[in-house]
Amino acid sequence: MFNISRPFTLSFNHFILITHYNRKLKQRYYQMKQTGQTVKQLPSIDEQNTLSHQQQQVNIPVTSHANSGPTPTPNPHPNIRRLTPNLPCRDLFTGPREKYLKIGVPLYEASIRCDWVAAKAIFDKNKEIELERYSITENGETALHVAASAKGSKHAEEFVKNLVGKMKKEDLALENENYNTALYLAAVAGNIETIKIMVKENRTLLTVPGAGGKMMPLYAAALFGCYDVVKYLYENSIELRDDGWTDQNRGWLLEKCVENDMFDVALEIVKKYPRLGSGTVLGVLASKPEAFHEKKSNIIGKTIKLSKRLYSLMFIANQTSENKHPEAGNGSAPDDLAQKSETSPETKSNIIGRTINLVFEFIGSKVGAHEKENKALPLLRIIWEDIARKPKNEIDRILRGPPDSIKQDKSASGRVVQAIQLQKLISEHLDKFEVETRNIIKGQPDSTTQDTNTPSAKVDHALQLKTLISEYLVNMHIASQQIVKQDDTPFAGKGDQALHIQKQISEQIVHMHGETQNIIKQVSRKEDQVQNLQKLISKHITRMRAPTALKESHSSRVVFIAAEMGNTKFLVELIRQYPDLIWKVNDNGLSIFHIAVKHRHEGIYNLLYEIGAMKDLITPLKDEHENNMLHLVGTRAKQKQLEDVSGVALQMQRELLWFQEVKNMIPLSYRERKNKDGLTPHELFTMEHKELVREGEKWMKGTANQCMVVAALIATIVFAAAFTVPGGYDQTHGIPFFHSKATFIVFVVADAISLFASSASILIFLSILTSRYAERDFLESLPKKLISGVVTLFLSITTMTVAFGISFFVLYHKGLLWVPILICVFGVLPVLLYVKLQYALFIDVISSTYASRYLFKPKKHVLYYENPKV
């Protein structure tokens, strides 16, 4: 469609455009005439006059596929960008400014507030112009654009519905300066109801791309995570076979759906287009371990589901029994009988059933009974099954990912640039050094000598080579230092390639200078000096060229991304169809199990117990710094990996558990191996965890101090209460008045237990304060003391509350029983509050101390089943 949306003054550009159109129109006319097609006379455009309204909407007939069948043919040129957008009329901006302030600004305010009453008043007041087709912003948005993109407005649906009713079908396709239709902006904003209104009037809006004519509305909705819009637009896209869809933008859509957890839509796309499942999508799934977790419904949700199931079974049984007694006759019932049947018991039971179902659905939505079915795992299986059929080299290429570029790691870009510059420097200097040496040996003058082929020059070849070597070494040192000083970025460590090259340059400079001096001093004959210097130069060039090439790195390896993120189920699915993945190593020579240990993912680490004796060949692998698996676990874990553990002391305990586990896993001879820094695994562990030990000691002492203060207060209170019993003592015999009552005995026992428990708690917390806080103390000694202290403190608080409540039962009776009952009810609150506040800490301490033995060596196999299905 060639669409000009408004009258305009003819200019040179318009003249060229109109001339081109008339030429194309004539060509189309003769083509249709030669093929015998029915020729429809189209209006030509007069190049000297302004376009009329009928000539503004010019339709060049094309073959339509919209209704030709279930699988329409895509547009053969979907990626050809239009020269200009389908803009609305801009008369409000080209005319007087007062007109825009009077009409455009109020209409914009009404549109963005979705106030249809105010907007309708403006439309009615300006009926002489088609105001709904006018731009009300400098960027070309109409009132429909503004209202459709309004987020959070309750009246947007009504506003858009009324506004669309006033517009023509083709007016809904008007675009702003960015080629965005109103439907595109509604898709970005996630306004599903407004989209339905516009699609109902003009379905071709689904195929009009926005964002410069590059993004389909469905892709834009997926990009901004609007799930409801994505679901609706995909269902109306004829399985992505509409005009404008290609394998490229289908792949983009699939990737964005996976990134925004729209796995059900992604699964439908992959089922229809299996080849779209590339390594990029696989990498996105690898970085989403939470997408593969099984969601467990709670007890309330299970109860609701069971109730609904029982009700449905009862309802079916009831319907079956009713069908066994049909009414007499099979003809049509009279009208009065039909009206009576509306209030029959069967109809009432249906109404009651629907009501019960609605109640169940409402309650279930509140408690999370109806959880969205997870489609990530079947999506992964479809994609991986398609990739696993490819040749091994192709699979490895997909899993390896693209090579890293300088721009991928902004923090390391300066060091990478330095390495490249140093490599180039070495290459240039070596090339020049080699040429100059060859010239000297051949008896030709070099750049440092002004002499020609004289006998004296031939005799002084040794001196020339010595001078050349000296100049080369000086120039190399100066140039390398200038490159290093250009960037102040600190080196990351021994693995930094720029640092490695710089170190090699310095070593070679020192080595060559020393060798040159030795040759000059020890060799007297000039001919021998020349030969020895020539050999030295040759060896130097060979040594400098070989190891300075930059290694190609791949930081986006799929399996190592999954290992770093702790995506156990993802790796299990991949290893089941490609068992050799357990042997793959990254750029540093480490396996997925080493990465899992480094990031403390026990799920992946436990897979070592399922691969048998092969684990003894994998665990000894070392990185370029000679760090084995025990060295890796000796480094302190990132704070993110320790967030699920309460308290710094328990975090130190978790680190010790990991170290002990890996120590038992690796061969005995590797437990005391040193890395390049000369550190054994235990020495590295001690050095890395000094700060954590200090913080753990501070946390443990702070907790013990606070709990000990509470225990001391309780001991003081209950000790005093033991001598001021309720009712007092008999002054004659010194026996309490109510000593024979059962409630009094309960009071005395509870008070004594509270005293003894609080005293024990004080002693336990005191022992915590006086501990030596060595590394191994955090493994069992300190956590067990903390558990004992918390339990005895809770017991003392509970028995103190019981003693206090029971004391009122001793005093109040005969009609006043409600007083002690009310007091006991309120007395339970402190106990419940203590349980609520200390529950997480108590459970964490117990699980870390006693349940941690089940952290490793799980009984359930997840990689290979004991009885696999054939």
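The values are calculated or read from the model by the stated rules, or taken from the named source; none is laboratory data. Keep in mind it's a predicted model, so treat the numbers as computed, not measured. For neighbour counting, all protein chains shown are included, and Cβ atoms are generated from backbone atoms with ideal geometry for every residue, glycine included.
Structural remarks
Condition check ((1) buried (at least 18 other Cβ atoms within 10 Å of the Cβ); (2) out of contact with any Leu (no Cβ under 7 Å at 6 or more places or on another chain)) across all residues:
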site	(1), (2)
M614	no, yes
E626	no, yes
L632	yes, yes
Q639	no, yes
L650	yes, yes
R654	yes, no
V662	yes, no
R671	no, no
N675	yes, yes
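- Test result for K161, within 29 Å of the chain's Cα centre (by Cα) and in the same structural domain as N126 (by TED's automatic domain parsing): no
- Number of positions in the stretch 206-219 that are farther than 23 Å from E138 by Cα and part of a helix (DSSP H, G or I): 4
- Test: residue in the stretch 622-644 that is among the acidic types (D, E), in a helix (DSSP H, G or I) and without any contact (Cβ under 8 Å) to a residue 60 or more places away in the chain: no
- Neighbours by Cβ (under 9 Å, 6+ apart or cross-chain): first from the stretch 116-130, touching a residue at least 12 places away in the same chain (Cβ under 8 Å); second assigned to a loop (DSSP other than H, G, I, E, B): W116/H155; E130/M167; E130/K168
- Against the criterion of being more than 26 Å from the chain's Cα centre (by Cα) and in contact (Cβ under 8 Å) with a residue 60 or more places away in the chain, N236 does not qualify.
- Looking only at residues in the stretch 224-260 that are buried (at least 18 other Cβ atoms within 10 Å of the Cβ) and polar (S, T, N, Q), the one that is farthest from G279 (Cα to Cα) is S237.
- Qualifying residue in the stretch 194-210 (condition: β-branched (V, I, T), at pLDDT below 95, in contact with a Lys or Arg (Cβ under 6 Å, 6 or more places away or on another chain) and assigned by TED's automatic domain parsing to the domain that holds V164): yes
- Tally of residues being surrounded by 20 or more Cβ atoms within 10 Å (Cβ to Cβ) and modelled with pLDDT of 90 or more across the stretch 153-170: 5
- Residue match in the stretch 660-677 (condition: among the hydrophobic types (A, V, I, L, M, F, W, C), touching a residue at least 40 places away in the same chain (Cβ under 8 Å) and part of a helix (DSSP H, G or I)): yes
- Of the residues making up the stretch 519-570, those that are in contact with a Gly (Cβ under 8 Å, 6 or more places away or on another chain) and at pLDDT 80 or above are S556, R557, V558, I561, G566, T568.
- Scanning the stretch 80-127 for residues that are among the polar types (S, T, N, Q) and out of contact with any strand residue (DSSP E or B) (no Cβ under 8 Å at 6 or more places or on another chain) turns up T84, T94, S111, N126.
- Qualifying residue in the stretch 407-421 (condition: surrounded by 14 or more Cβ atoms within 10 Å (Cβ to Cβ) and modelled with pLDDT of 85 or more): no
A quick yes/no check of all residues on (1) surrounded by 17 or more Cβ atoms within 10 Å (Cβ to Cβ); (2) under 15 Å from V633 (Cα atoms); (3) in contact with a helix residue (DSSP H, G or I) (Cβ under 7 Å, 6 or more places away or on another chain); (4) at pLDDT below 90:
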{"site": "L668", "(1), (2), (3), (4)": "no, no, no, no"}
{"site": "E691", "(1), (2), (3), (4)": "no, no, no, no"}
{"site": "C707", "(1), (2), (3), (4)": "yes, no, yes, no"}
{"site": "F747", "(1), (2), (3), (4)": "yes, no, yes, yes"}
{"site": "A750", "(1), (2), (3), (4)": "yes, no, yes, no"}
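- Selection status of G789, in a helix (DSSP H, G or I) and either at pLDDT below 90 or within 24 Å of I843 (Cβ to Cβ) (or both): yes
- Any helices (runs of 4 or more DSSP H) falling wholly within the stretch 119-204 and containing at least 2 residues that are closer than 27 Å to T94 by Cα: 143-148, 156-166, 182-189
- Those helices (runs of 4 or more DSSP H) lying entirely in the stretch 520-611 with at least 1 residues closer than 24 Å to R400 by Cα and either touching a residue at least 40 places away in the same chain (Cβ under 8 Å) or touching a His at 6+ places or on another chain (Cβ under 8 Å) (or both): 558-565, 568-577, 592-598, 602-605
- Which numbered condition L253 fails, given (1) assigned to a helix (DSSP H, G or I); (2) in contact (Cβ under 8 Å) with a residue 60 or more places away in the chain: (2)
- Residues being among the small types (G, A, S) and in contact with a His (Cβ under 9 Å, 6 or more places away or on another chain) - total across the stretch 169-185: 1
- Residue match in the stretch 769-782 (condition: buried (at least 16 other Cβ atoms within 10 Å of the Cβ), part of a loop (DSSP other than H, G, I, E, B) and small (G, A, S)): yes
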